[in-house]
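The values are calculated or read from the model by the stated rules, or taken from the named source; none is laboratory data. Please read these numbers as outputs of a predicted model, since none were measured by experiment. Glycine gets a Cβ as well: all are built from the backbone with ideal geometry, and neighbour counts include every protein chain shown. To get the accessible areas, we keep the full protein, side chains included, count just its heavy atoms, and leave off ligands, DNA and RNA. Shrake-Rupley method; radii C 1.70, N 1.55, O 1.52, S 1.80 Å.
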Amino acid sequence: MKASAQAVVRTRSLPGLLLALAVAALFVLSQGAPTATASTSDTSVSTIGQALRESPVYVDPAAAAQLSAKDADALADRITRADKPLFVAVLPADYPKQDLFTKLRTATGVTGLYAVRLGDAFDARADASVLSGPAVRNLVTTVQGEDTRAQLTDFTAAAVTNMGGSAPSTWQTSDDGGGVSSTALITVGAVLVAGGAGAYTLVRRNRRRHAEEQRAALEKLRVVVDEDITAFGEELDRLDFHPAEAGADDVMRADYERALDAYEQAKSLMGAATRPEDVRAVTQALEDGRFSLAQLAARREGRALPERRVPCFFDPRHGPSVTDAGWTPPGGAAREVPVCAADATRLADGRDPVMREVDTDQGRRPYWDAGPAYGPWAGGYFGGGLLPGLLVGTVLGSMMAAPAYAADYGSGYGDFGGGYEGGDLSGSDFDSGDFGGFGGGGDFGGGGDFGGGGDFGGGGF
């Protein structure tokens, strides 16, 4: 079932489209989707873990009133089709909370993102290789206060586009032995013949449209990236470092050389870019170069070396961030974002940060409200799973969550940097310190205390 759904969504070539039509017809004719609701009253963690190894959603019999079997099956089907290691459990309010996430993760034994609705409360934890703690926290915050169905649906929709990894192989359904009837095969053949000519015309038109959109998106990005490259070059000039100057040592010269190399690499990569997703490598090079400059400046001034952090969220040209600060976009939910020292001071004083704005058809707008093309640009600066939590609720975040985004602008915004291993069977061999949401840990609210009103300990775990 999982592979069939992916084939329908991702097909772009004519042979693939025809194959997708066949797969879709067979899928409609097939029966026997896995149930997502438990059929037993045994609510031990081991039972829940075993159920989640077979299907991504578990609804405890004592919590069946919270989520109907139909809604649970629909949620499970959506997760399975997305091919992501997301596990959802709906449990009664009086279910034991102590170390619940760690116990559940151990019982399931699969690297992934775990979400639990416990009575009226909701929270989630994830292995660091699948989704970062800040991203989990921000995703959870955006759905707090919703009813069970809406909350789990909204969380799933955002999570599957943010997280890395693939669904565990244990979710694969086996053949029930019934086979496919000759009638079904004849039906498939008829579908292929009827749709062949129309499919060919559609594919050619979509390819032209896609190529035009890609070119337009790249030209928008080129303007912004050229501004970034120019700004970095000006920083190099302002630093006014000379390798032979008094006090310069080999370490300083190495910092300066890395910064120069990053500058030249960014120009070269942008000159060779042919697709929007190629811009990720450019902004990654600029981010590396700015950190090298920050190190060099600290060495020259005798200060402590800066921590390696992502750039300031509001404008990467501000350089590496120095702390995280609370920020709420207009009409959105509060989240923590990495900020430079100047923007941290502005926010603390109740003032607006200095935001990076770009040209749009509606005038100058912050980059997160400017359109989908800026996803790869932001991905190079804020890679490795951090970006999802930063952009939740913004225009760019919503666009990147759409199923078609990855095909048009590169991999999903939880997948910048790659390296995910979600879905692997690790059993109990995992570091609970790397399994977190609100700062790590496997229990609810610290010491097993949910806190009040669904706020799992006020965000401190």
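Structure notes:
- Listed residues LYS70, LYS84, LYS267 arranged by accessible area, highest first, probe 1.4 Å: LYS70, LYS267, LYS84
- Linear extension gain, ALA333 paired with GLN98, 0.36 nm per residue minus alpha-carbon span: 81.8 nm
- Each Lys and Arg Cβ is given +1 and each Asp and Glu Cβ -1; about its Cα centre, region 212-308 then shows a dipole of about 160 debye.
- Ranking THR141, THR111 from most to least accessible surface, computed with a 1.4 Å probe over the protein chains only, gives THR141, THR111.
- For region 45-162, the square roots of the Cα gyration tensor eigenvalues, ordered a ≥ b ≥ c, give a/c below 1.5, which places it in the rounded category.
- Label separation (ARG222 vs ARG207): 2.4 nm, computed from points 7 Å beyond Cα along the C-beta direction.
- Dipole magnitude of region 45-162 about its Cα centre (Cβ charges: Lys, Arg +1; Asp, Glu -1), debye to nearest 20: 280 debye
- Share of carbon and sulfur in the accessible heavy-atom surface of region 45-162 [1.4 Å probe, %]: 51 percent
- Between ALA65 and ARG253, the modelled label-to-label distance comes to 7.6 nm, taking each label 7 Å out from Cα in the direction of the beta carbon.
- Residue-wise HN-Hα couplings along region 300-312, as the Karplus relation 6.51 cos²θ - 1.76 cosθ + 1.60 with θ = phi - 60° gives them from phi, are 5, 8, x, 8, 5, 5, x, 6, 6, 10, 5, x, 4 Hz; Gly and Pro carry x.
- Accessible area per residue, Å², region 45-162 with all protein chains present, probe 1.4 Å: 31 Å²
- Amide proton proximity set for GLY145, modelled H, under 5 Å, gap of 5+: none
- Amide proton proximity set for GLY119, modelled H, under 5 Å, gap of 5+: LEU91, ALA93
- Carbon/sulfur fraction of accessible area - region 212-308, other protein chains in place, 1.4 Å, %: 49 percent
- Difference of contour (0.36 nm per residue) and Cα-Cα distance, ALA341 to THR323: 5.7 nm
- Computed accessible area, THR274, all protein chains, 1.4 angstrom probe, square angstrom: 100 Å²
- Other-chain or far-sequence residues with amide H under 5 Å of VAL322's (modelled H): VAL339, CYS340, ALA341
- Residue-normalised accessible area of region 212-308, expressed per residue, 1.4 Å probe, Å²: 53 Å²
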